[in-house]
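*Asks:* Take this structure first; my questions come after.
The values are calculated or read from the model by the stated rules, or taken from the named source; none is laboratory data. For clarity, every value in this text was computed on a predicted model and none was experimentally measured. Backbone-built Cβ (ideal geometry, glycine too); neighbour counts: all protein chains shown. Protein only, heavy atoms only, side chains kept; ligands, DNA and RNA dropped before computing areas. Shrake-Rupley method; radii C 1.70, N 1.55, O 1.52, S 1.80 Å.
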Amino acid sequence: MSKKAILIIVDHYLPGFKSGGPVKSIANILNGLLDREQIDVLTKDRDLGDENPYNNIESNSWNKLNNYKVYYMSSDNVGILNIYKFLRRNPYRLIYLNSFFSLLTINVLIACSLIGTRRSKLLLAPRGEFSPGALEQSRFKKYIYIKVFKIIFNNLKIVFHASNEMEKLHIEKTLGPDTHIRIASDIPDPTMPHLPNTKIGNDVLNIVFISRISPKKNILYALKILTMLDHRFTFDIYGPIEDQKYWESCVAYIDKHDLQDKVFYRGAVKPDKTQSVFKQYDVFFFPTLGENFGHVIYEALASGCPVLTSDMTPWDDLEKYGAGWTIPLVDENQYVKTLAQINSMSLKEKTKLSERSWRYANNKVDYEEIIRKHIELFEI
């Protein structure tokens, strides 16, 4: 059987959206490279946290999605044996994995070890999982697996995909300086319109958070900062609840500090509604513990919503271009001062800030260069 070109393996994919960035990254890769490569996708048949499969798809079978094929595996079919059988039936020149710690990735690596190292080349994108903040979550389990990985999967000669120099350093620090790494920035959505925010208010500071509800996204930290403000604000939280216990701790913090009339959970927002949500706020407050790219940051900026984020993302020149602020998480007082600064702005100043944000997003990304880097990436 002749080998097909590329198989992308990711835990969750379209029509799902709750797992955030990886779904967007893969969709944008497919949109950007389909005229150059034959690419298939293997994924689970349901969205993050869902008990039921997607509607209108056939589980454990190939499905046509846009101009490519997706194989949706049921939850009882993603074990090592079934993955092994699938890869034996469907040989590919390159398998592109999207997570280091995912059980699906681990099962694929075991299956590849059983099949043999000459079967397919392996490319693995950890998607920010090696950032210091991300590694702190379930630290002991991750430490054990990293040790095991170095022993049992060394023969697979995996190439790692880093989105930027910072992620490359994180991978090397975790797996060693001899790790084979290629750099290619994540592909943003080129169809996203860049329009200024036209709904900026001037009486109350309107703050928004859009992302998965998990420790890595650091909502508790945001809530702590907000309790230090001495001016009026609202803080709206959008996103699927990935970690129920963490969310319960957030709710407890809100109740303890009497923030019920200022902080509101608005539920998950679908990707096609994200920009319309961002356009209603003065600032996107995102004190994340680590992002390898941060599609949601790009979406905020493209919507004319300035960004206040940590220094654990590649968006480190926001202040230089007047599009937002990047502040180390240890500097809590600077976060407070920055929010106070935004609050004190006149309507005219906020409008200029919004305009600089969407202009920055419009000028930041060299789409053709990023596509070229991905073509090189997939030629390993």
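*Asks:* Looking at Gly322 and the list (1) farther than 20 Å from Pro22 by Cβ; (2) not in a loop (DSSP other than H, G, I, E, B), which single condition is not satisfied?
*Replies:* Against the list (1) farther than 20 Å from Pro22 by Cβ; (2) not in a loop (DSSP other than H, G, I, E, B), Gly322 comes up short only on (2).
*Asks:* Could you look through the stretch 1-10, keep only residues that are part of a loop (DSSP other than H, G, I, E, B) and open to solvent by 30 Å² or more (accessible area, probe 1.4 Å), and pick out the one that is modelled with the highest pLDDT?
*Replies:* Of everything passing the filter in the stretch 1-10, Lys3 is modelled with the highest pLDDT.
*Asks:* Lys373 versus (1) in contact with a strand residue (DSSP E or B) (Cβ under 8 Å, 6 or more places away or on another chain); (2) open to solvent by less than 50 Å² (accessible area, probe 1.4 Å); (3) at pLDDT 90 or above; (4) of a type outside the set (S, T, N, Q): which is the lone unmet condition?
*Replies:* Only one criterion in (1) in contact with a strand residue (DSSP E or B) (Cβ under 8 Å, 6 or more places away or on another chain); (2) open to solvent by less than 50 Å² (accessible area, probe 1.4 Å); (3) at pLDDT 90 or above; (4) of a type outside the set (S, T, N, Q) is unmet by Lys373, namely (2).
*Asks:* Sticking with this structure for a sec: For the stretch 332-348, does any single residue satisfy the condition of being under 26 Å from the mean Cα position of the chain (by Cα) and without any contact (Cβ under 8 Å) to a residue 12 or more places away in the chain?
*Replies:* Yes, the stretch 332-348 contains at least one residue that is under 26 Å from the mean Cα position of the chain (by Cα) and without any contact (Cβ under 8 Å) to a residue 12 or more places away in the chain.
*Asks:* Still on this model: Could you check, for the stretch 164-179, whether at least one of its residues is assigned to a loop (DSSP other than H, G, I, E, B) and of a type in the set (Ser, Thr, Tyr)?
*Replies:* yes
*Asks:* Quick check: is even one residue across the stretch 29-45 among the acidic types (Asp, Glu) and surrounded by 22 or more Cβ atoms within 10 Å (Cβ to Cβ)?
*Replies:* Yes, the stretch 29-45 contains a residue that is among the acidic types (Asp, Glu) and surrounded by 22 or more Cβ atoms within 10 Å (Cβ to Cβ).
*Asks:* Are there strands (runs of 3 or more DSSP E) fully within the stretch 229-287 with at least 3 residues that are under 22 Å from Ile342 (Cα atoms)? List them.
*Replies:* Ranges flagged: 233-238, 283-286.
*Asks:* Another question about this same structure. Does Ile254 satisfy being among the hydrophobic types (A, V, I, L, M, F, W, C), open to solvent by less than 70 Å² (accessible area, probe 1.4 Å) and within 23 Å of the chain's Cα centre (by Cα)?
*Replies:* Taking the combined requirement at face value, the residue does not satisfy it.
*Asks:* Just to check your reading of the model, which residue among Tyr84, Tyr54 is free of Cβ contacts under 8 Å to residues at least 40 places away in the same chain, part of a loop (DSSP other than H, G, I, E, B) and either touching a strand residue (DSSP E or B) at 6+ places or on another chain (Cβ under 8 Å) or surrounded by 13 or more Cβ atoms within 10 Å (Cβ to Cβ) (or both)?
*Replies:* Going through Tyr84, Tyr54 in turn, just one is free of Cβ contacts under 8 Å to residues at least 40 places away in the same chain, part of a loop (DSSP other than H, G, I, E, B) and either touching a strand residue (DSSP E or B) at 6+ places or on another chain (Cβ under 8 Å) or surrounded by 13 or more Cβ atoms within 10 Å (Cβ to Cβ) (or both): Tyr54.
*Asks:* Additional query: Taking Glu379 as the residue in question, decide whether it is assigned to a helix (DSSP H, G or I) and free of Cβ contacts under 8 Å to residues at least 12 places away in the same chain.
*Replies:* Answer is no for this residue.
*Asks:* Which one of these is of a type in the set (S, T, N, Q) and either surrounded by 15 or more Cβ atoms within 10 Å (Cβ to Cβ) or touching a residue at least 40 places away in the same chain (Cβ under 8 Å) (or both): Ser19, Ser74?
*Replies:* Exactly one residue qualifies, and that residue is Ser19.
*Asks:* Continuing with this model, one more query. Ala302 passes all but one of (1) open to solvent by 10 Å² or more (accessible area, probe 1.4 Å); (2) under 24 Å from Asn343 (Cα atoms); (3) modelled with pLDDT under 95; (4) within 20 Å of the chain's Cα centre (by Cα); which number fails?
*Replies:* (1) is the only condition that Ala302 fails.
*Asks:* Please state which of the following conditions Glu368 fails to meet, knowing it meets all the rest: (1) at positive phi; (2) over 21 Å from the mean Cα position of the chain (by Cα).
*Replies:* Exception for Glu368: condition (1).
*Asks:* Filter the stretch 272-295 down to the residues that are surrounded by fewer than 17 Cβ atoms within 10 Å (Cβ to Cβ) and more than 17 Å from Val204 (Cβ to Cβ), then identify the one that is modelled with the lowest pLDDT.
*Replies:* It comes out as Asp272.
*Asks:* Would you point out the residue of the stretch 365-376, among those that are in contact (Cβ under 8 Å) with a residue 40 or more places away in the chain and out of contact with any Lys or Arg (no Cβ under 9 Å at 6 or more places or on another chain), that is farthest from Leu30 (Cα to Cα)?
*Replies:* Val365
*Asks:* Can you find a residue in the stretch 354-370 that is of a type in the set (A, V, I, L, M, F, W, C), farther than 30 Å from Ala162 by Cβ and assigned to a loop (DSSP other than H, G, I, E, B)?
*Replies:* Checked the stretch 354-370: no residue is of a type in the set (A, V, I, L, M, F, W, C), farther than 30 Å from Ala162 by Cβ and assigned to a loop (DSSP other than H, G, I, E, B).
*Asks:* OK, next. Can Asn343 be described as among the polar types (S, T, N, Q), touching a Leu at 6+ places or on another chain (Cβ under 9 Å) and either assigned to a strand (DSSP E or B) or buried (at least 18 other Cβ atoms within 10 Å of the Cβ) (or both)?
*Replies:* yes
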